[in-house]
Each structure stands twice: as C-alpha cells, then as structure tokens.
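Report on the following structure.
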Amino acid sequence: TLQVKVDGRFIRRLRLNSKVTISLDVVRMMNDVGRGEIVRREDVTLDQIRSDRILREAPVRLDKVVGREATRNLKSGRIVKRRDTKKAPLVNRGDRVMIVVRRGGLKITAPGTVREEGFKNSIVQVVNLNSKKMVYGEVIDANTVEVKF
C-alpha cells in the first residue's frame, strides 16, 4: 500500500503490485565432479544470475566450495548448494603419518597409523608403530600429526 501525502497531509492510499528481481553471485559447476571427489578451482566459476528471491543455500564465494568433497554427483552447469559439498578430511583411517613431538629445541618423530579420519587442527587417535601405543595428536597436514605435552 502506498500513501500519498502532500506537505505532510494525507491525500490517498494506492494499492500496488510489483515484482522485484535481484542479481546474485552464485557458484556454478564448469565440469562434472563425482561423489567423493574434491572440487578444484577449474571445476567451478562465479556466475551472476537474476532471481526473484534470495538463494540462501547457494555459496557466493569460490573459496566456500573449492577444496571441499562433493556429497553427490555434480553436473556441469548446476548451481552449487551448501549441502552439495562437505569438508574434506586430511587424513583417513589407516593412513600412515609421521608423529611429531616438540619440546623446547628437541624434536622427536616416529611413524604412526591414523585410527580415524581427521581434519586440519582436529585431534585424532594414532598408533605409534614403534611402541604399538595409542596417542592423540593434532592433524597438521596430510602426513603429520603433532602430539602436545
């Protein structure tokens, strides 16, 4: 409803119907990516579309999609939604890693096997292959787990 006022004095009410469209940046697939594969930079592009509503489930930046694991098959031309990707683990159960312990200027390393999947900066169980003991450490990268004292 539109109210028409002249010099602060009410004149008339008008009923208006309108349609509003907005321009949105969305991430669109350029190449097919299968379920479980990591989305690479060359697989996606930032595309501008016009819509009559806000797409809350669509990421608006490439860094929200690149490097993540596809949760379903993503076809070329499809607009990516948040639920289409998930954070990719750096280490998986059974992966061999280097266990690192740092104390002052001393650095001790030992080979180990990861017992659960883990993401960057997450704590995972690792079996020390030399002593066969279970330790917990922080995932630094795909090959290194650091045990804190």
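The values are calculated or read from the model by the stated rules, or taken from the named source; none is laboratory data. These numbers were taken from a predicted model, which means no experiment stands behind them. A quick note on method: Cβ atoms are made from the backbone with ideal geometry, for glycine too, and the neighbour counts reach across all protein chains shown. Just so you know, the surface numbers come from the protein's heavy atoms only, side chains and all, with ligands and any DNA or RNA stripped out. Shrake-Rupley method; radii C 1.70, N 1.55, O 1.52, S 1.80 Å.
Please work out whether segment 21-84 counts as rounded, prolate or oblate from its C-alpha gyration tensor, where a ≥ b ≥ c are the square roots of the eigenvalues and a/c under 1.5 means rounded, while otherwise a/b larger than b/c means prolate and anything else oblate?
Working: a/c = 2.04, a/b = 1.89, b/c = 1.08.
It comes out prolate by the Cα gyration axes.
So what is the relative contact order of segment 62-139, in percent, for Cα pairs below 8 Å that sit 6 or more residues apart?
Working: 136 pairs, mean separation 16.7, N = 78.
It comes to 21 percent, rounded to a whole number.
Where the centroid of each part is defined by its Cα atoms, how far is segment 104-129 from segment 1-48 in Å?
Comparing the Cα centres of segment 104-129 and segment 1-48, I get a distance of 46 Å.
Mind telling me which of ASN128, ASN17, ASN92 comes out most flexible in a GNM of the chain, alpha-carbon contacts under 10 Å?
ASN17
Say we join alpha carbon atoms closer than 10 Å with springs in a Gaussian network model of the chain; which of LYS133, LYS19, LYS81 then has the biggest fluctuation?
Of LYS133, LYS19, LYS81, the Gaussian network model singles out LYS19 as fluctuating most.
Once label points are set 7 Å from the Cα along Cα→Cβ at both LYS5 and PHE149, what is their separation, rounded to one decimal in nm?
Calculated label separation equals 7.4 nm.
For the chain, report the convex hull volume of the alpha-carbon atoms normalised per residue, in Å³, without decimals.
Details: hull volume 31.6 nm³, N = 149.
Spread over its residues, the Cα hull of the chain gives 212 Å³ apiece.
Would you kindly derive the ³J(HN,Hα) couplings of segment 44-51 from the backbone phi angles with the Karplus curve 6.51 cos²θ - 1.76 cosθ + 1.60 (θ = phi - 60°), listing them in order in whole Hz, with x for Gly and Pro?
10, 9, 8, 10, 9, 10, 10, 9
Give me the 1.4 Å probe accessible area per residue for segment 12-149, excluding ligands and nucleic acids, in Å². It would help to have the intermediate numbers written out before the result.
Working: 9470 Å² over 138 residues.
About 69 Å² of surface per residue is accessible.
Can you tell me the relative contact order of the chain? Whole percent, Cα pairs under 8 Å, sequence separation 6 or more. Working shown, then result.
Numbers: 340 pairs, mean separation 24.1, N = 149.
Here the relative contact order equals 16 percent.
For every other residue with a beta carbon closer than 14 angstrom to the beta carbon of ARG41, add +1 if it is Lys or Arg and -1 if Asp or Glu, then tell me the sum. Mind showing how you got there, number by number?
Numbers: positive: ARG28, ARG40, ARG61, LYS64, ARG68; negative: GLU37, GLU42, ASP43, ASP63.
Once all neighbours under 14 Å are counted, the net charge is +1.
Which ³J(HN,Hα) values, rounded to whole Hz and listed in residue order, are derived for segment 57-65 from phi using the Karplus coefficients 6.51, -1.76 and 1.60 in 6.51 cos²θ - 1.76 cosθ + 1.60 with θ = phi - 60°, glycine and proline given as x?
Each residue of segment 57-65 in turn: 8, 9, x, 10, 10, 5, 5, 7, 10 Hz.
Students often get this wrong, so check it: of LYS86/LYS120; LYS87/LYS148; LYS19/LYS64; LYS107/LYS132, which have C-alpha atoms separated by over 23 Å? Don't skip to the end; give the middle numbers.
Numbers: LYS86/LYS120 14 Å; LYS87/LYS148 25 Å; LYS19/LYS64 31 Å; LYS107/LYS132 20 Å.
From LYS86/LYS120; LYS87/LYS148; LYS19/LYS64; LYS107/LYS132, over 23 Å: LYS87/LYS148; LYS19/LYS64.
Using a Förster distance of 25 angstrom, determine the FRET efficiency expected from the C-beta separation of ARG12 and SER51, and round it to 0.05.
0.15
Looking at THR109, LEU74, VAL147, which one has the Cα that reaches farthest to the positive end of the dipole of the chain (charges on Cβ: Lys, Arg +1; Asp, Glu -1)?
LEU74
Where the accessible area of segment 77-149 is counted over protein heavy atoms with a 1.4 Å probe, how much of it, in %, is carbon and sulfur? Don't skip to the answer; put the middle values down first.
Numbers: 2360 of 4610 Å².
Exposed carbon and sulfur together represent 51 percent of the surface.
For the chain, modelled as a GNM with alpha-carbon contacts under 10 angstrom, which of GLY105, GLY34, GLY77 fluctuates the most?
Of GLY105, GLY34, GLY77, the most mobile in the Gaussian network model is GLY105.
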